[in-house]
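Worksheet: one structure, shown below.
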Number of protein chains: 2
Amino acid sequence: MKVPPERDAYGQMLLAALEDPSNVVEIVEREDGFIGASVMGPKLYFAPFRRWPAHHRQAMRYVRGCVLDAGAGAGRVALHLQERGHDVVAIDNSPGAIEVCRRRGVRDARVVAFADLGRSLGTFDTIVMLGNNFGLFGSPTAAKKSLRRLHRLTSDDARIIAESRDVSSRGRADAPWHAEYRKRNVERGRLPGQIRIRIRFGPTIGPWMDYPMVSPAELEEILIGTRWRLAHTLDSDDTYVAVIEKT
Amino acid sequence: MKVPPERDAYGQMLLAALEDPSNVVEIVEREDGFIGASVMGPKLYFAPFRRWPAHHRQAMRYVRGCVLDAGAGAGRVALHLQERGHDVVAIDNSPGAIEVCRRRGVRDARVVAFADLGRSLGTFDTIVMLGNNFGLFGSPTAAKKSLRRLHRLTSDDARIIAESRDVSSRGRADAPWHAEYRKRNVERGRLPGQIRIRIRFGPTIGPWMDYPMVSPAELEEILIGTRWRLAHTLDSDDTYVAVIEKT
């Protein structure tokens, strides 16, 4: 679903950061009331390639052909791959994000929700979902469905390059309130890292999003029956990038 | 009212900033859903005298004798005045704030809510309420009552040095959502700047606080019948410090 402008807290945050990236904070509220504030987040959205985390730079080695940048944000990945000569389509469900992509020079940027992807955008060789954007797949059930659809929208040797986080093995996640939230998720039949969050910016409250974080093992479970397989993982302290190929 | 530890978002923010002031954001949520995030706020709470805003430094010239620092936060005012040789009592309704004051060397720091101030703390010559702490007075009615009480708890030539903001004349406040909020306040019989806010930090949601911002004219209105008068104002671009003396 496209985000209506009056609820586009994420896009408004990116537009503000485009004016002055040093002064913008990304505020993420989780359904249990936990609130996170990131100063580094907005900076990363605008970072040039040399300032990216190492595993993001490494991930670019697996990119080939026509690229879909899903959840493009401020367009850093699209801009980099465009410069390297790839055909890139950048999509985001946030109109503000797509405006920022365009202003920064992304040639083909469109307000399209990941779940609404169709054949009209063409066939892709690589789908990039950095910045924990594996979360765009939503619940495991929705993810299986989307993965089958992406199988048809991509070339035979296509790759999905998606970032996620193993919430049960990472340091920061071990705070008692995070552990409690993971436990409640499991109790109600969700993955431990299946978070429900929304962005807040000034007067604007974004829509709730189901945005799961999955371990490599959980990812492999989701891939069963989709004709995709986990080919590589590129690790960092906090997150990992999965390189997913067709079986 | 003292803030119970499980709701002490403000104190937890200060404790985190004591560890690493560069990495902490102060998140203030207003009752209409507006959310503000300040990176500078936590830095100011820990700033040494030479880094204070000019009108805060000027305000210190009006301090004499025994001082009550009301809403002491991380104790920057109490520490400065203590160094200058004043007897200082620092109070805050946040247990975390008072812990930070003590760890930083404030000699007399107590968890006391401003509205609960009594004779047991002694008689003061100066009451300091910087950082928009005029807001601690609460509604105009509550403020009048507290001012009469403070008259009895202070020496004959005592001063109250309190910071506030004229919300109707300041630049930032002119955003449409702020104007709308001020209008709604007036419609329900409140001062335009009579904001209701709470602090959020990680999993912790602070209690709602009525925290009015008043213009000098509104302040003079509140002082009527309290045997206090507005003697000086020290202006800045954003806020002003009122020096209030007995009539």
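The values are calculated or read from the model by the stated rules, or taken from the named source; none is laboratory data. Here the structure is a predicted model, which is why all the values come from computation and not from measurement. Glycine also receives a Cβ, built like all others from the backbone with ideal geometry; neighbour counts cover every protein chain displayed. Heads up: the accessible areas ignore ligands, DNA and RNA and are worked out on the full protein's heavy atoms, side chains in. Shrake-Rupley method; radii C 1.70, N 1.55, O 1.52, S 1.80 Å.
Looking at the range B:200-213, I want the residues that are within 14 Å of chain A (Cβ to nearest Cβ) and in a strand (DSSP E or B) and have a partner that is of a type in the set (S, T, N, Q) and open to solvent by 10 Å² or more (accessible area, probe 1.4 Å) with Cβ atoms under 7 Å, at least 6 apart or on another chain. Which pairs are those?
That search, which allows pairs on different chains as well, returns B:Phe201/B:Gln12; B:Gly202/B:Gln12; B:Thr204/B:Gln12.
Which residue out of A:Ala16, A:Ala54, A:Ala59 is modelled with pLDDT of 95 or more and surrounded by 19 or more Cβ atoms within 10 Å (Cβ to Cβ)?
Working: A:Ala16 fails: surrounded by 19 or more Cβ atoms within 10 Å (Cβ to Cβ); A:Ala54 fails: surrounded by 19 or more Cβ atoms within 10 Å (Cβ to Cβ).
Matching residue, one of A:Ala16, A:Ala54, A:Ala59: A:Ala59.
Kindly indicate whether B:His55 is more than 22 Å from B:Gln194 (Cα to Cα) and part of a loop (DSSP other than H, G, I, E, B). Explain how you work it out, then say what you get.
Values: more than 22 Å from B:Gln194 (Cα to Cα): yes; part of a loop (DSSP other than H, G, I, E, B): no.
For B:His55, the condition - more than 22 Å from B:Gln194 (Cα to Cα) and part of a loop (DSSP other than H, G, I, E, B) - is not met.
So A:Asp69 clears everything in (1) crowded, with 18+ Cβ neighbours inside 10 Å; (2) out of contact with any helix residue (DSSP H, G or I) (no Cβ under 7 Å at 6 or more places or on another chain) except one condition, right? Which one?
(2)
Could you say whether any residue in the range A:21-41 is part of a helix (DSSP H, G or I) and open to solvent by less than 10 Å² (accessible area, probe 1.4 Å)? Even if it seems obvious, please write down each step before you answer.
Residues of the range A:21-41 that are part of a helix (DSSP H, G or I), as a first pass: A:21-23, A:40-41.
Checking which are open to solvent by less than 10 Å² (accessible area, probe 1.4 Å) leaves us with none.
Checked the range A:21-41: no residue is part of a helix (DSSP H, G or I) and open to solvent by less than 10 Å² (accessible area, probe 1.4 Å).
How many residues, within the range A:7-50, are charged (D, E, K, R) and either out of contact with any strand residue (DSSP E or B) (no Cβ under 9 Å at 6 or more places or on another chain) or away from every other protein chain (no Cβ under 11 Å) (or both)? I'd like the intermediate steps shown before the answer.
Kept after step one, since they are charged (D, E, K, R), are these residues of the range A:7-50: A:7-8, A:19-20, A:26, A:29-32, A:43, A:50.
From what's left, either out of contact with any strand residue (DSSP E or B) (no Cβ under 9 Å at 6 or more places or on another chain) or away from every other protein chain (no Cβ under 11 Å) (or both): A:7-8, A:19-20, A:31, A:43, A:50.
So the answer is 7.
From (1) over 14 Å from the mean Cα position of the chain (by Cα); (2) free of Cβ contacts under 8 Å to residues at least 24 places away in the same chain; (3) open to solvent by less than 10 Å² (accessible area, probe 1.4 Å), pick out the condition that doesn't hold for B:Ser120.
(3)
Mind checking which pairs have a first residue in the range B:28-43 that is without any contact (Cβ under 8 Å) to a residue 12 or more places away in the chain and a second that is assigned to a loop (DSSP other than H, G, I, E, B), Cβ under 7 Å, 6 or more apart or different chains?
B:Gly33/A:Pro203
Can you confirm whether B:His178 is assigned to a helix (DSSP H, G or I) and farther than 30 Å from A:Gly36 by Cα?
Values: assigned to a helix (DSSP H, G or I): yes; farther than 30 Å from A:Gly36 by Cα: no.
No.
Here is a list: B:Leu136, B:Leu150. Which entry is part of a helix (DSSP H, G or I) and either under 24 Å from B:Trp52 (Cβ atoms) or of a type in the set (Val, Ile, Thr) (or both)? Working first, answer last.
Numbers: B:Leu150 fails: either under 24 Å from B:Trp52 (Cβ atoms) or of a type in the set (Val, Ile, Thr) (or both).
The match here is B:Leu136.
Given the residues B:Glu245, B:Glu218, B:Glu180, which is the only one that is out of contact with any helix residue (DSSP H, G or I) (no Cβ under 6 Å at 6 or more places or on another chain), open to solvent by 50 Å² or more (accessible area, probe 1.4 Å) and not aliphatic (A, V, I, L, M)?
B:Glu180
Please work out if B:Arg196 is within 30 Å of A:Glu180 (Cβ to Cβ), open to solvent by less than 10 Å² (accessible area, probe 1.4 Å) and not small (Gly, Ala, Ser).
Considered against the rule, which asks whether it is within 30 Å of A:Glu180 (Cβ to Cβ), open to solvent by less than 10 Å² (accessible area, probe 1.4 Å) and not small (Gly, Ala, Ser), B:Arg196 comes out as no.
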